[in-house]
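The values are calculated or read from the model by the stated rules, or taken from the named source; none is laboratory data. This one's a predicted model, so the numbers in the text were calculated from it and none came from an experiment. Virtual Cβ from ideal backbone geometry, glycine too; neighbours counted across all protein chains shown.
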Amino acid sequence: MTEVNEEQAPQAAPDIASLEQEGEIAADYLEGLLDIADLDGDIDMDVEGDRALVSVVDIKGSDLVGANGEVLEALQELTRLAVHRRTGERSRLMLDVAGYRQGRRVELGKLGAKAAEEVKRSGQAKSLHPMTPFERKIVHDAVAAAGLRSESEGEEPERFVVVLPV
């Protein structure tokens, strides 16, 4: 079954003040978690596009990222729930730890561009491995930038991107 991802759907103009409030709530929540876990790290907040971006920086180790970002994904969901509990609104907040997501953006952008080139050359659709919504969004953007289109198929957590020929 093919459907449009929510990450591809058009969004209304973001309310910067609300996004900054989400970031502040998330930062407070994360500082509490870091204190409980006795971990040192600083919190940076920003607004990127239509979502708050909160980053835990200057932290040693990868315990908060986990294998393939699994702990980071779970921590992001907990943080979104904490924001929702305080605001009553669904949060699309993005959490990064130690630059993990930024590094993945670069890798996935290259993956999407490479897959697009292979599809242009072969004329055949190419399916990629299962990815998180964050990862699929980056690949969709890279494929679109290369002049092709892509779709997400499958069911979570096995949902994947298919790059389509023109």
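I'd like the full set of residues that are over 22 Å from G69 (Cα atoms) and among the hydrophobic types (A, V, I, L, M, F, W, C), limited to segment 119-161.
Kept after step one, since they are over 22 Å from G69 (Cα atoms), are these residues of segment 119-161: 119-126, 143-151.
Residues satisfying the conditions are V119, A125, V143, A144, A145, A146, L148.
Within segment 37-46, take every residue that is of a type outside the set (D, E) and modelled with pLDDT under 95 and give me the one that is nearest to P157 (Cα to Cα).
Here the residue is A37.
List the number of the failed condition for L53; all other conditions in (1) under 22 Å from V139 (Cα atoms); (2) surrounded by 20 or more Cβ atoms within 10 Å (Cβ to Cβ); (3) modelled with pLDDT of 95 or more hold.
The number of the failed condition is (2).
Among the residues of segment 82-129, count how many are in contact with a Ser or Thr (Cβ under 9 Å, 6 or more places away or on another chain), within 15 Å of A27 (Cα to Cα) and free of Cβ contacts under 8 Å to residues at least 24 places away in the same chain.
Number of matching residues: 1.
Among the residues of segment 42-58, are any in a loop (DSSP other than H, G, I, E, B) and either over 18 Å from the mean Cα position of the chain (by Cα) or small (G, A, S) (or both)?
There is at least one residue in segment 42-58 that is in a loop (DSSP other than H, G, I, E, B) and either over 18 Å from the mean Cα position of the chain (by Cα) or small (G, A, S) (or both).
Residue check, L72 against (1) under 27 Å from S55 (Cβ atoms); (2) touching an Asp or Glu at 6+ places or on another chain (Cβ under 7 Å), all met but one. Which one?
Failed condition: (2).
From L33, L53, grab the single residue that is of a type outside the set (D, E, K, R), in the same structural domain as L78 (by TED's automatic domain parsing) and touching a Gly at 6+ places or on another chain (Cβ under 8 Å).
Result: L53 is the single residue among L33, L53 that is of a type outside the set (D, E, K, R), in the same structural domain as L78 (by TED's automatic domain parsing) and touching a Gly at 6+ places or on another chain (Cβ under 8 Å).
Quick grid of which residues meet (1) surrounded by fewer than 18 Cβ atoms within 10 Å (Cβ to Cβ); (2) farther than 30 Å from V56 by Cβ; (3) among the aromatic types (F, W, Y); (4) not assigned by TED's automatic domain parsing to the domain that holds K60:
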{"site": "K110", "(1), (2), (3), (4)": "yes, no, no, yes"}
{"site": "R121", "(1), (2), (3), (4)": "yes, yes, no, yes"}
{"site": "P130", "(1), (2), (3), (4)": "yes, no, no, yes"}
{"site": "I138", "(1), (2), (3), (4)": "no, no, no, yes"}
{"site": "E155", "(1), (2), (3), (4)": "yes, yes, no, yes"}
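Output the number of residues of segment 152-166 satisfying the condition of being at pLDDT 95 or above and within 17 Å of the chain's Cα centre (by Cα).
5
Does A145 satisfy being aliphatic (A, V, I, L, M), in contact (Cβ under 8 Å) with a residue 24 or more places away in the chain and loosely packed, with under 13 Cβ neighbours inside 10 Å?
It is true that A145 is aliphatic (A, V, I, L, M), in contact (Cβ under 8 Å) with a residue 24 or more places away in the chain and loosely packed, with under 13 Cβ neighbours inside 10 Å.
Does at least one position in segment 87-108 carry a residue that is at pLDDT 95 or above, acidic (D, E) and within 12 Å of the chain's Cα centre (by Cα)?
There is at least one residue in segment 87-108 that is at pLDDT 95 or above, acidic (D, E) and within 12 Å of the chain's Cα centre (by Cα).
Out of G69, G23, report the one residue that is small (G, A, S), surrounded by 11 or more Cβ atoms within 10 Å (Cβ to Cβ), within 26 Å of V139 (Cα to Cα) and modelled with pLDDT under 95.
Working: G23 fails: modelled with pLDDT under 95.
None of the others qualify; the one that does is G69.
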